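First up is the structure itself, then whatever we jot down about it.
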Amino acid sequence: MTPSETNPAGSVEPSATPFPSDPGSSEPHGGSPAWELLLPAASAPARARGRSLQAALREAVRSGRLAPGTRLPSSRDLAADLGVSRGLITEAYEQLTAEGYLRSGRGAGTWVGGAVRAARPRARDLAPRSADARADFVPGTPDVSLFPRAAWAAAQRGVLAELPHHELGYPDPRGLPRLRTALAELLARRRGVVADPERIVVVSGVSQATTVLGFVLHARGMREVGVENPGSPQHDALYAAAGVSTVPLPLDDEGLAMGPLRESAVRSVVTTPAHQFPTGLAYSARRRTELLDWARSVDGFVLEDDYDGDFRYDRAPVGALQGLDPECVAYAGSVSKSLAPGLRLGWLLVPEALAEEVVERKRTMDLGHPTLDQALFARFLERGDYDRQLRRCQRAYRERRDSLVAALEEHFPGAEVTGIAAGLHVIAALPERYGPQERFLTRVSAVGVAVRPLTDYTHARAADSGQPGVRLVLGYAHLSPTRIRAGVRLMAEAVATRQG
């Protein structure tokens, strides 16, 4: 225990942060050097200087900028820092000690006292959180406990040891060449895209990719973009932020229905062709061809969101649509499902016609993605750590998918479960006897089970609101097999009284 960590009585001071006499050495609570808190008061007219210093010190303690337990510099050092007489500082210390703001002891210095209970500013956490539920089947969240901490830490140490100094400057807004090269190899190998590193832009997830594309389309005179219905509810707000409205377009058994698309006035459309969200449908080969033919005919673009393209269980992976025509398709993906959403790391592969505009928009948005994060992920890719992580997640999510399907078969006989071949969620269509849907949702919510009906993902909710059956979108990636089985059993018990 150092001398500065004890008070005159010899007891330990909690979080005793020194109040430095050297403004360049460290900072007190609040983030400003000692002299900076008092500098305006020290510049007051001579007759008012003493009162101004006392008032400034008093307010610093009252506001919490100087926290209880903070040690103040000696009167000599602080006077030298402020360019005032030592007597003014001594008088200020004595006055505030008498008032209870400060305390001092012979040979132990002067400290901020604990009498003042300043209201500490509260930092609110606005991160999206699921409700406190006994079982949470809301889709969209991976199991972040699978994040490879040891491998990530090793990659971080390696990057910090080897990163050239110049790469800590402002980066290429597209991303580090090293990462774009590694991503091109990964995407070509795993997703079948035509990956030119010069057309890859590193972004903060698919959300930023969507917004960037929205701004570019708006600048080209497009005020509407087609979206799948049902589909991701986030698209509306993201495109609206760029001044582009969304036009909901229906699906059929093969993918986006071409008739309504052709009849609409849109020239660009957002799709999830490998595993449609939320239905789980994989676009047919014919529909993929028709969709690209349409884009060429209207001189437009298909915006492909490959949100969970790496997770396939019972079939060979469906390649990305971009591989069929890289000049018509803008392709976006991220590590949000494979590593963690909090990394805010993704990629956008753009047609040549949009490349310069996308890069310039990215530049004006944030001057490029953080360099250290990019270099770290590049190393993670190059050393094979990302492939190992994908295999690990694949095994875990397959087991959880199987647990969910088995539990639904056991507790909800006759349920039709679709979209199970890929992704991180399934669609469960329960027999009519479990409806109506609103009553079902009320009952399962009452026992602490969080679920989302398919109607939550449609633009025209009224069309399905009166259906007698129940159609649920059930996410399972973030739940253990044990919690999955328990959650499905809770749902069954919640509606069993009505069945009886």
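Applying 1/(1 + (r/R0)^6) with R0 = 35 Å to the Cβ-Cβ distance of SER63 and ALA108 gives a FRET efficiency near 0.90. Peptides 440-446, 208-214, ordered by how many other C-beta atoms sit within 10 Å of their residues on average, highest first, read 208-214, 440-446.
Charged neighbours of ALA265, selected by a Cβ distance under 11 Å, balance to +1 (K, R count +1; D, E count -1). Within the accessible area of the chain, the carbon and sulfur atoms contribute 51%, probe 1.4 Å, all protein chains present.
The relative contact order of the chain comes to 16 percent, based on Cα pairs under 8 Å that sit 6 or more residues apart.
Helices meeting the span-like rule in the chain (full DSSP H runs, Cα extent of at least 15 Å along the helix axis, mean Kyte-Doolittle score of 1.0 or higher): 205-219. So if we plug the beta-carbon distance of SER74 and ALA123 into 1/(1 + (r/R0)^6) with R0 = 41 Å, what FRET efficiency do we get, rounded to 0.05? Computed FRET efficiency for SER74 and ALA123 comes out at 0.75. Where does the Debye-calculated log10 I(q)/I(0) of region 36-177 sit at q = 0.15, 0.19 Å⁻¹, using only Cα point scatterers of equal weight, no solvent? Taking Cα atoms of region 36-177 as identical point scatterers yields -0.80, -1.07.
Approximating the spin labels as points 7 Å out from Cα along Cα→Cβ, the HIS166-to-VAL144 distance works out to 3.7 nm. In the context of the full set of protein chains, residues of the chain present 46 Å² of accessible surface per residue (probe radius 1.4 Å, heavy atoms only).
At 222 nm, what value in deg cm²/dmol follows for the chain if DSSP H runs of at least 4 each add -39500 (n - 2.57) and the sum is divided by all its residues, to the nearest 500?
Details: 15 runs with 203 residues, N = 500.
Here the helix-only value at 222 nm equals -13000 deg cm²/dmol.
Cα centroid distance between region 150-181 and region 219-266, in Å? Answer, in whole Å: 37. Could you tell me the center-to-center distance, by alpha carbons, between region 286-324 and region 388-450 in angstrom? Their Cα centres are 26 Å away from one another.
Across the chain, Cα-Cα distances exceeding 44 Å account for 37% of all pairs.
The values are calculated or read from the model by the stated rules, or taken from the named source; none is laboratory data. Small disclaimer: the values here were computed from a predicted structure and weren't measured. Quick reminder, even Gly has a Cβ in these numbers, built from the backbone with ideal geometry, and neighbours come from all protein chains shown. Quick note on the areas: whole protein, heavy atoms, side chains included, nothing else; ligands and nucleic acids left out. Shrake-Rupley method; radii C 1.70, N 1.55, O 1.52, S 1.80 Å.
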